[in-house]
Ligand code: NAD
Ligand code: TYD
């Protein structure tokens with residue numbers, strides 16, 4: 001291979017954020033070879049990557065990040081220079097139903113990748129983390145990189161654990177680790193268990209829109225393309241050992257999101273159904289991205305109103321994509337979850 005081309009191991013690249021990252025950068029960045037390792041859990045979908053089939057700087061392997069033999073094989077075969085770890089179990093509600101897979105993939109799987117990164121002395125390891133590791137805010141204040149880790153759910157606790165282990169590999173082994181902590185993402189290819197796609201698809205099918213509690217929980221929404229650009233910026237320019245918050249200063253409560261979606265689709269607010277609250281439900285997330293702005297020059301670009309309208313349009317034009325998901329396992333999960341909730 002051309003010596004000027006660097007190889008990046010992307011884990012979890014068939015999921016929502018990983019596939020958006022690959023669709024965005026594989027065609028643009030021919031100076032990188034992207035190797036995607038994904039287990040293809042319920043959330044992984046090769047349809048998300050159909051546009052990359054003929055790209056010569058991309059290849060896919062189906063496999064588990066916990067399989068150290070496979071990870072080490074890929075490190076050697078592709079002479080990996082960098083790792084971006086997107087792979088995770090990512091849904092809070094599922095982690096409440098059962099935490100085992102979350103600990104297995106998010107904690108033990110991350111450890112396998114860190115060990116391989118150490119063994120092969122790679123030049124950058126980027127751990128894709130979340131603002132949820134900081135826990136919940138009251139009505140004021142923002143999360144900075146120095147906020148304490150106070151995760152509420154098994155999901156966020158597993159992500160916080162992974163962050164701590166990643167940090168220890170920097171301090172103990174001098175592994176060049178960066179951690180990114182981003183707020184809630186939205187955009188194309190998001191699995192319809194998360195708020196925005198779930199509400200769009202239920203509304204399109206004239207099904208009830210289940211709003212947890214009073215609907216006043218606040219999330220800080222960012223378009224997935226802004227997150228992808230931030231990740232590439234941190235990969236290339238982030239200082240080893242540092243953590244970077246990523247957000248677009250766009251706080252919205254859930255009810256506002258749901259009503260906006262109904263409005264965009266011309267559907268009635270009567271579809272809203274208030275259901276029992278999520279246990280341990282974090283009230284508010286809000287990111288202070290000042291460090292990433294100042295030190296790396298990254299800033300979010302997508303304006304929320306347009307980003308959300310485009311996302312609704314994407315789900316309208318891609319009924320086949322989510323229709324196939326609904327036919328597979330989603331309805332089973334939906335029934336299981338809401339059967340217990342009301
Ligand atoms: P997702 O659930 O859509 O995708 C996860 C991907 O990881 C899937 O393709 C799945 O098949 C793969 N995967 C799961 N277990 C694996 C394993 N053991 N080995 C290999 N692959 C495995 O998740 P997402 O929303 O794209 O999130 C990606 C990352 O970004 C996660 O680490 C998540 O914690 C983080 N994050 C997400 C958000 C958000 O709003 N979605 C915000 C901040 C951070
Ligand atoms: P979610 O998309 O699961 O992301 P996270 O919990 O990781 O922030 O949920 C976003 C918000 O929407 C959260 O406050 C929970 C709420 N929510 C509902 O009210 N109804 C739903 O059906 C879902 C999935 C989420």
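Values quoted throughout were computed directly from the atomic coordinates according to the rules given, and no laboratory measurement underlies them. Remember, it's a predicted structure, so these values are computed and weren't measured experimentally. Here the Cβ positions follow ideal geometry from the backbone for every residue, glycine too, while neighbour counts run over all protein chains shown.
Key figures
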| quantity | calculated |
| --- | --- |
| Residue count, the stretch 1-53 (criterion: touching a residue at least 12 places away in the same chain (Cβ under 8 Å) and not in a strand (DSSP E or B)) | 35 |
| Hey, residue 167 over 19 Å from residue 295 (Cα atoms) and away from ligand 2 (no atom under 14 Å from the Cβ) or not | yes |
| Residue check, residue 74 surrounded by 15 or more Cβ atoms within 10 Å (Cβ to Cβ), more than 16 Å from ligand 2 (Cβ to nearest atom) and touching a residue at least 60 places away in the same chain (Cβ under 8 Å) | yes |
| Residue that is nearest to residue 279 (Cα to Cα), among those in the stretch 109-121 that are surrounded by fewer than 20 Cβ atoms within 10 Å (Cβ to Cβ) and either within 18 Å of the chain's Cα centre (by Cα) or away from ligand 1 (no atom under 14 Å from the Cβ) (or both) | 115 |
| Check on residue 56, in contact with a helix residue (DSSP H, G or I) (Cβ under 7 Å, 6 or more places away or on another chain), away from ligand 1 (no atom under 16 Å from the Cβ) and not in a helix (DSSP H, G or I) | no |
| Subset of the stretch 260-283 (residues that are under 26 Å from the mean Cα position of the chain (by Cα) and either assigned to a loop (DSSP other than H, G, I, E, B) or under 22 Å from residue 94 (Cβ atoms) (or both)) | 275, 276, 277, 278, 279, 280, 281, 282, 283 |
| Scope the stretch 59-82; condition assigned to a helix (DSSP H, G or I) and within 14 Å of ligand 1 (Cβ to nearest atom); matching residues | 68, 69, 70, 71, 74 |
